[in-house]
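Below is one structure; the comments refer to it alone.
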Amino acid sequence: MCIDWWERRAAEGDERPFFSFILLDAPHQKYSHPPDQAPFQPSLPDLNYLTMSATVEGPDPAERQAIKNRYQNAVLHADAVAGDLLDALERLDLADDTIVVVTGDHGEEFWETGLFGHTSSFSPPQLRVPLAIKGPGVEPGIETGPTSHLDLPATLLELCGADRTLRHGWTLGGSLLESPAPDRQRIVSGWDKLGLWTEDGILEVPLAGDFTGFDIQLYSYDWELQLEDEEVIARHERSLRALAEGCNRFRAPGDAPVDATGP
C-alpha cells in the first residue's frame, strides 16, 4: 500500500520529492465496500451492471434507491481511505510540503435525466466531480467559476516551478490558481463524441471515422434534445472551430483532421 512506501522512505531518510497516484475505485461500478460498512440502507447486496442495463425500463424505484445506497456506501468507504492517507501524511510530517489533489474522473448518474452510470451523456450528473487541492502555494478558498480537469497539469507543474509562459505550447488548460472566466466554455470527451458546454446548453459533436458528415446536436443541461438548434450552433461557430483546432494541435501524425463545424 502507498502508506507502507511512504513509511519506508521516511525510515530510510529519503527526502527526495515523490509522486503518488492513488486510485480509489470503490465508487466505480460495481460500487464495492466492506459488507459491515453500509450505513445507507436498503442497499443492494451486489450489482450486475450488464444484466441491469439490458432492461429497457430499468429497475423499479425501490431497486434504484438500493443501487444508489450501495454507491453511497462505496463513496463513504473511499472517503475513509482518503482520510487514512491524509492522516499518514500528517503523521510522517509530510503534509506541509506535499501538494494533494482529490478528484474523480467522472460523475455517476442515477436516472436524474433518465440514464444510469456514466459515459452515456454529457449531463451535469455524469460530469460534475469534486476537486480539492491543498499544499504549499495554494491559498484556502472556494472556486465557483467553471473549471476543468484540463487545468490540473498546468496547475501542478507550475506549482512545482514550471514556466507558465510556455503553457500554451503543450496544454489547452489553464491554472486553477487563476480565476477562470465566468463565461468559459468547456470541452468534454466521451469514447466517440465531444461535448462543448455553453451558456445555451451542451453541443454534442460526434467524431466520425473520416470526420465528415457531422451531425452536431444541442442538448439542454437535463439532457433533452433541442430540435431548434441551428441558431445556437451558428452562434458558437467560433468555439466549435477552436475545438477542432485544439484537437488537431495534438493529434498523431497521419490522423485525419477534425472539422467540428460539419461538411
Could you work out the relative contact order of the chain, using alpha carbon pairs under 8 angstrom and six or more residues apart, expressed as a whole percent? 11
I need the Debye-formula profile for region 118-163: one equal scatterer per C-alpha, no solvent, reported as log10 I(q)/I(0) at q = 0.23, 0.28, 0.31, 0.32 1/Å, two decimals. -0.96, -1.18, -1.29, -1.32
Starting from the Cα of E199, step 7 Å toward the Cβ, then list every residue of region 120-151 with an amide N under 17 Å from that point. 145-147
Taking the convex hull of the alpha carbon atoms in region 46-203, what volume per residue do you get, in Å³? 155
At a Förster distance of 45 Å, what's the computed FRET efficiency of D4 paired with D60, Cβ-Cβ distance as r, to 0.05? 0.50
Principal axes first, then extents: for the Cα atoms of region 163-211, list largest minus smallest coordinate on each axis, whole Å, largest first. 37, 26, 14
Run the helix sum for the chain: -39,500 (n - 2.57) per DSSP H stretch of 4+ residues, divided by residue count, reported at 222 nm to the nearest 500 deg cm²/dmol. -9000 deg cm²/dmol
Non-local residues with an amide H under 5 Å from the amide H of L194, with H modelled 1.01 Å from N and Pro and chain starts lacking one, are V205, L207
Would you mind getting the accessible area per residue of the chain, heavy atoms of the protein chains only, 1.4 Å probe, in Å²? 62
Collect residues whose amide H, placed 1.01 Å from N in the peptide plane, falls under 5 Å from the amide H of R186; neighbours closer than 5 in sequence don't count. W197
Quote the relative contact order of region 27-132 in percent (integer), defining contacts as alpha-carbon pairs under 8 Å separated by 6+ residues. 23
Given a 1.4 Å probe and every protein chain left where it sits, what share in percent of the accessible area of the chain is carbon and sulfur? 55
Nothing charged except the Cβ atoms of Lys and Arg (+1) and of Asp and Glu (-1): what's the magnitude of the dipole of region 78-171 about its Cα centre? Round to the nearest 20 debye. 360
Geometric extent, Cα atoms of region 9-119 - Rg, Dmax (angstrom): 18.1, 59
Interchain or sequence-distant (5+) residues whose placed amide H lies within less than 5 Å of the amide H of Q226 are L218, Y219, S220
Taking 0.36 nm per residue of separation and subtracting the Cα-Cα distance, what length does fully extending L23 through S239 add? 74.4 nm
Row for region 115-239, column shape: gyration tensor on C-alpha, a ≥ b ≥ c, rounded if a/c < 1.5 i.e. under 1.5, prolate if a/b over b/c, else oblate; value prolate
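The values are calculated or read from the model by the stated rules, or taken from the named source; none is laboratory data. These numbers were taken from a predicted model, which means no experiment stands behind them. Cβ: placed from backbone, ideal geometry, glycine included. Neighbour counts: every protein chain shown. Accessible surface areas use protein heavy atoms only, side chains included; no ligands, DNA or RNA. Shrake-Rupley method; radii C 1.70, N 1.55, O 1.52, S 1.80 Å.
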